[in-house]
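The values are calculated or read from the model by the stated rules, or taken from the named source; none is laboratory data. Keep in mind that what you see is a predicted model, and the values were worked out from it rather than measured. Cβ coordinates were reconstructed from backbone atoms using ideal geometry, including for glycine residues, and neighbour counts include every protein chain displayed. Areas reflect the complete protein model, heavy atoms only, side chains present, ligands, DNA and RNA absent. Shrake-Rupley method; radii C 1.70, N 1.55, O 1.52, S 1.80 Å.
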Amino acid sequence: MEKNYNPINQKLYYSTVIIVITLMLLGLFVENPLLQDPGIGYITHGVLVFLFSVCLVIYPLYKSYFLRLTMIIVIASYFYTIFFLYPDTWSNFIFLCFIPAFSILFYDKKLFHFSLLLNTFSIICLFSYIVKVDKGALFPYIREDLAGNIINFIGSQAILYFIFFISSERLNKQKLYYEQIKHSERLKTTGQLAAAVAHEIRNPLTVVKGFLQMYDNEAANHVDRKRHYSLMINELNTAEQVISQFLSIAKPDKEIETELVDVKNVLQSVTDLLNTYGLLHDNKIVLSMIDDCYIQANIIEFKQLLINIIKNAIEASKVGDSVEVTAEMKKDFVEINVIDCGQGMSKEEIDSLGTPFYSLKAKGTGLGMMICFNIAAKYKGSISFNSEKGKGTTAIIRFPTTKPVV
């Protein structure tokens, strides 16, 4: 059940709900042997029909965890109640076996496992009652073939678990595919924008920058005027850098040469380079890694990715904090963690990383992180973030490992 309903889904949902409620009401009022002399059992049946109907009707409006849990308990109570109230209807036992199937609709692992355990415990109690107390008087079809019914129950639960597992795996793959599509759309949009605008802006900027450099070199200029020229040239350099980043996304070099990269050597080189930058704010980079980590990539782009992310971690850290960089093998991947003790990010901020012109830095453009995502994807790697407000951030970089040729 999706978080948001469009009109077609709502119509389908409520049409199904009407059918289910109608069937429950027919079972309550049509040729019901308890209707002639209603007792506590019949009243309980009616109350459970009412409760479950209300839950089904209000669910699209209040899709809370508590409501889902309540619905599972109510539906289990409903089927066990009619099983005891109408012992001659042997098909009720089939409904007991498939109670956990209802929780599959929520795609919630905890609720499904709860439903499975609840139903297993209830069945054990039910069979114990039939064997010890009832002794086959009301439920002879259970008592006469107890072993067969137990096997059937276990088999039905195994089938439901298999269905849930397959559905859950498929849903997770769809979520991952959806995230990849969103990221691809961001890259495509940025590329189109860059292709349309970058060249038109770069040419006049180059002309203006050239004249400013010429005037700046003239000895007759006043000191204040030369300072203004230098300031304008610096700003033009900044604009040119942004355009270059746009173009690198719009027209990535697919023919770029790759090589076997020793991750340890590259990390050591990058951290040595950035240690000086970190010392400006009394930040130290702590490197910890194992040997024999190799990937297939372009070493310049790989260094660009690491510099960008480690530099971001330094800038996010407070004065005196350390940035920890670790690298290790995990199955068939080299995993690099860049850990800072900064202010952290919310889930919404993490989801927006890599979006053009979205940055948590005052003068950031967001293009640097977008290029990092692009580089990782080019070499079948990934970048993810674990973060919490006030508790820092961990950037997780993963690349497929490659064994060196002996």
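General remarks:
- Being in a helix (DSSP H, G or I) and more than 17 Å from ILE163 (Cα to Cα) is a description that applies to PHE121.
- Pairs with Cβ under 7 Å, 6+ apart, first in the stretch 265-283 and over 15 Å from ILE299 (Cβ atoms), second assigned to a loop (DSSP other than H, G, I, E, B) and open to solvent by less than 90 Å² (accessible area, probe 1.4 Å): ASP282/GLY320; ASN283/SER317; ASN283/ASP321
- Hey, SER53 among the small types (Gly, Ala, Ser), open to solvent by 40 Å² or more (accessible area, probe 1.4 Å) and touching a helix residue (DSSP H, G or I) at 6+ places or on another chain (Cβ under 9 Å) or not: no
- Within the set THR402, THR326, THR394, the sole residue that is under 14 Å from VAL263 (Cβ atoms), among the hydroxyl-bearing types (Ser, Thr, Tyr) and modelled with pLDDT of 90 or more turns out to be THR326.
- Being out of contact with any Lys or Arg (no Cβ under 9 Å at 6 or more places or on another chain), open to solvent by less than 50 Å² (accessible area, probe 1.4 Å) and more than 26 Å from PRO140 (Cα to Cα) holds for only one residue in ILE82, ILE73, ILE58, ILE21, and it is ILE21.
- Yes/no for PHE302 being open to solvent by less than 70 Å² (accessible area, probe 1.4 Å) and modelled with pLDDT under 85: no
- Single unsatisfied condition, PHE106 versus (1) at pLDDT 85 or above; (2) within 23 Å of ILE166 (Cα to Cα); (3) among the hydrophobic types (A, V, I, L, M, F, W, C): (1)
- In the stretch 377-406, the residues that are on the phi > 0 side of the Ramachandran plot reach residues that are assigned to a strand (DSSP E or B) and surrounded by fewer than 18 Cβ atoms within 10 Å (Cβ to Cβ) with C-beta atoms within less than 6 angstrom, at least six apart or across chains, in these pairs: LYS380/PRO400.
- Flag if TYR178 is over 30 Å from LYS109 (Cβ atoms) and in a helix (DSSP H, G or I): no
- Scope the stretch 103-113; condition among the hydrophobic types (A, V, I, L, M, F, W, C) and buried (at least 17 other Cβ atoms within 10 Å of the Cβ); matching residues: ILE104, PHE106, LEU111, PHE112
- Flag for LYS318 being modelled with pLDDT of 85 or more and open to solvent by 10 Å² or more (accessible area, probe 1.4 Å): no
- Those residues of the stretch 114-126 which are in contact (Cβ under 8 Å) with a residue 40 or more places away in the chain, within 23 Å of PHE139 (Cα to Cα) and open to solvent by less than 10 Å² (accessible area, probe 1.4 Å), in sequence order: ASN119, LEU126
- Matching residues, the stretch 128-177, being touching a residue at least 24 places away in the same chain (Cβ under 8 Å), β-branched (Val, Ile, Thr) and open to solvent by 50 Å² or more (accessible area, probe 1.4 Å): ILE163
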